[in-house]
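Some notes on the structure that comes next.
The values are calculated or read from the model by the stated rules, or taken from the named source; none is laboratory data. Keep in mind that what you see is a predicted model, and the values were worked out from it rather than measured. Note: ideal-geometry Cβ built from the backbone for every residue, glycine included; neighbour counts use all protein chains shown.
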Amino acid sequence: MACGCEKMNSAFADKSIDITLLEPALEQYAGVQGSLIPILQKAQDLYGYLPHDLLAYIARRIGVKPAKVLGVVTFYTQFRTTPVGKNLILLCQGTACHVNGSGGIEEAIREHLGVAEGEITENGLFTYNNVACLGCCSLSPAMMIGDTTYGTLTRDKAVRILKEIEQKGDGV
């Protein structure tokens, strides 16, 4: 099984990545032990995801092996190596949410958006993912879109929320 390190090169395939935006964080954490995760979090905040060539650049800048950086990124679910839509939908599939109908909500979201899990809608507005637990069982079934949590969902309520975001055009 390959680690993916071979994909890490020095050129940025995604031309929208302006590395100068990350430089202040790289300078702030220069030589600071245990700074990899904060640097990766900042990079993902800036670019929306962490492409392999950016991971290689970060590894070189902080003086660690690319495999270590990739290992951290693939271990923690907060990090993404592929782009997502403007609004990342996280639908809880934990026990409480499952028992209270998250399967039907998933079906409604997929039908409404016309995408499978992990895909970006044609308009670039949404990416939909299932998660094991959002930690808000009292609101089950629940989903998060961006930093907003929506609870006590039904199929209709979930679709209504998506339509409201679509009408805004740019997200929550």
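I need a count of the residues in the range 89-140 that are closer than 19 Å to residue 160 by Cβ and of a type outside the set (Phe, Trp, Tyr). Give the steps one after another, and end with the answer.
Within the range 89-140, the subset closer than 19 Å to residue 160 by Cβ is 89-92, 97, 100-115, 121, 123, 125-126, 128, 139-140.
Keeping just the survivors that are of a type outside the set (Phe, Trp, Tyr) gives 89-92, 97, 100-115, 121, 123, 125, 139-140.
The number of residues fulfilling the criteria is 26.
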Considering each residue of the range 119-150, count those that are part of a loop (DSSP other than H, G, I, E, B), surrounded by 18 or more Cβ atoms within 10 Å (Cβ to Cβ) and touching a Cys at 6+ places or on another chain (Cβ under 7 Å), and give that number.
4
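Looking at 88, 70 in this structure, which one is in contact with a Gly (Cβ under 8 Å, 6 or more places away or on another chain), part of a helix (DSSP H, G or I) and in contact (Cβ under 8 Å) with a residue 12 or more places away in the chain? Spell out the reasoning first.
Values: 88 fails: part of a helix (DSSP H, G or I).
Unique residue meeting the criteria: 70.
Out of all the residues in the range 127-134, is one or more closer than 30 Å to residue 81 by Cβ and over 19 Å from the mean Cα position of the chain (by Cα)? Steps first, answer last, please.
Going residue by residue through the range 127-134, those that are closer than 30 Å to residue 81 by Cβ are 127-134.
With the extra rule that they be over 19 Å from the mean Cα position of the chain (by Cα), the set shrinks to none.
No: the range 127-134 contains no residue that is closer than 30 Å to residue 81 by Cβ and over 19 Å from the mean Cα position of the chain (by Cα).
Take residue 148 and decide whether it is under 30 Å from residue 37 (Cβ atoms) and without any contact (Cβ under 8 Å) to a residue 60 or more places away in the chain. Quick ask: steps written out before the conclusion?
Working: under 30 Å from residue 37 (Cβ atoms): yes; without any contact (Cβ under 8 Å) to a residue 60 or more places away in the chain: yes.
Here the answer is yes, as residue 148 does meet what is asked.
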Here is a check on your reading of the model: is residue 71 within 29 Å of residue 55 (Cα to Cα) and in the same structural domain as residue 57 (by TED's automatic domain parsing)?
yes
